Amino acid sequence: DIIRTIRDPEKPNTLEELEVVTESCVEVQEIGEDEYLVIIRFTPTVPHCSLATLIGLCLRIKLQRCLPFRHKLEIYISEGTHSTEEDINKQINDKERVAAAMENPNLREIVEQCVMEPD
């Protein structure tokens, strides 16, 4: 429910409407007392999607802000659905790279627009 309302950076649709994220792409595992591993596998609309890294960043930021429990978060592009999935997976799961991206005012503004809750 948390990620279904994230908007696509280019289109007026949500990631759920575009089938970039679905309920079946979310996996939650208990890894300790009151601690969970949340794994998201998203599918870009095209194999060369230039915004796949940005979409992964939006997913990470929204979940970090909204999950009400302690968690470890792993976000991946669904296997075989993007031409550079390995590089993007490394990038969106690297804390330093995520922090650096969110320091960029232009990028931060785009992320904020995508993750903002609809009225």
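Within the accessible area of the chain, the carbon and sulfur atoms contribute 48%, probe 1.4 Å, all protein chains present.
Legend: helices of the chain (whole DSSP H runs) are marked when their alpha-carbon atoms reach 20 angstrom or more along the helix axis and their mean Kyte-Doolittle hydropathy is at least -1.0; marked are 52-66. For a bin width of 5 Å, list the pair-distance distribution of the chain built from all Cα-Cα distances, rounded to whole %. Reading the bins upward from 0: 2, 11, 23, 25, 22, 12, 4, 1, 0.
Taking other residues whose beta carbon is less than 13 angstrom from the beta carbon of LEU51, and scoring Lys, Arg as +1 and Asp, Glu as -1, yields 0.
Here each label is just a point 7 Å from Cα along the line to Cβ, and for GLN64 and VAL46 those points are 3.0 nm apart.
The values are calculated or read from the model by the stated rules, or taken from the named source; none is laboratory data. No experiment lies behind these values; they were computed from the predicted model shown. Every residue, glycine as well, gets a Cβ built from its backbone with ideal geometry; the counts of neighbours run over all protein chains shown. With ligands, DNA and RNA removed, areas are computed over all heavy atoms of the protein, side chains included. Shrake-Rupley method; radii C 1.70, N 1.55, O 1.52, S 1.80 Å.
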